[in-house]
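Here's the structure we're looking at; comments come further down.
The values are calculated or read from the model by the stated rules, or taken from the named source; none is laboratory data. Just so we're clear, the structure is a prediction, and the values are computed from it rather than from any experiment. Glycine gets a Cβ as well: all are built from the backbone with ideal geometry, and neighbour counts include every protein chain shown. These accessible areas exclude ligands, DNA and RNA; they are computed on the full protein's heavy atoms, side chains included. Shrake-Rupley method; radii C 1.70, N 1.55, O 1.52, S 1.80 Å.
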Amino acid sequence: MSGGSEHGAVGIVLVSHSAAVAEAVAELAKGLAGGGGTVRVAAAGGTADGGLGTSSELVTAAAHTVDRGAGVAVLADLGSAVLTVKALLADGDELPGNTRLVDAPFVEGAVAAVVSASTGARLDEVEAAAAEAYAYRKV
């Protein structure tokens, strides 16, 4: 794998309808990646008032928090979370310039993304590792 930009590792944002789920998946992914090393991982779960749902403001803040110039990979749990991220990307000016919605399973994809980013992988490589998690078989 080629190294990330000179600015740092690819940042990861986990968008869930539940703050608790987003935070738990972030902790799991960082833990399985040996603490996440230099990877910034942010949970953007629930609504601004703590309810279930998604918040474009929380997603935007999380993306800016993890952005170091190497890109931001965003993974979302369910349909409206995906739509929230797609709307932000379509607006074009609310998220860091090199932000990408990654089509991957939420938990397995998050772990793969954080592990990959912790090796210095570029955004394309982080996205591929997360998407590859669709092939993980449990039986």
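Computed quantities for the displayed model
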| quantity | calculated |
| --- | --- |
| Boolean, Ala48 is free of Cβ contacts under 8 Å to residues at least 12 places away in the same chain and open to solvent by 30 Å² or more (accessible area, probe 1.4 Å) | yes |
| Some residue of segment 82-90 being of a type outside the set (S, T, N, Q), within 19 Å of Glu23 (Cβ to Cβ) and either touching a helix residue (DSSP H, G or I) at 6+ places or on another chain (Cβ under 6 Å) or buried (at least 17 other Cβ atoms within 10 Å of the Cβ) (or both) | yes |
| All positions within segment 67-81 that are buried (at least 21 other Cβ atoms within 10 Å of the Cβ) and of a type in the set (Gly, Ala, Ser) | Ala70, Gly71, Ala73, Ala76, Ala81 |
| Tabulated pairs, segment 58-78, first modelled with pLDDT of 95 or more and hydroxyl-bearing (Ser, Thr, Tyr), second in a loop (DSSP other than H, G, I, E, B) and surrounded by fewer than 24 Cβ atoms within 10 Å (Cβ to Cβ), C-beta under 9 angstrom, 6+ apart or interchain | Thr60/Glu94; Thr60/Leu95; Thr65/Arg40 |
| Filtered residues of segment 123-139 (kept if open to solvent by 60 Å² or more (accessible area, probe 1.4 Å) and of a type in the set (Val, Ile, Thr)) | Val139 |
| Which listed residue is within 18 Å of Ala104 (Cα to Cα), open to solvent by less than 50 Å² (accessible area, probe 1.4 Å), of a type outside the set (Ser, Thr, Tyr) and over 11 Å from the mean Cα position of the chain (by Cα), from Ala42, Ala9, Ala33, Ala22 | Ala33 |
| Candidate set: segment 91-122, residues that are open to solvent by 50 Å² or more (accessible area, probe 1.4 Å) and within 11 Å of the chain's Cα centre (by Cα); chosen: the one farthest from Ala63 (Cα to Cα) | Val107 |
| Residues satisfying the stated conditions in segment 51-66, i.e. hydroxyl-bearing (Ser, Thr, Tyr) and open to solvent by 50 Å² or more (accessible area, probe 1.4 Å) | Thr65 |
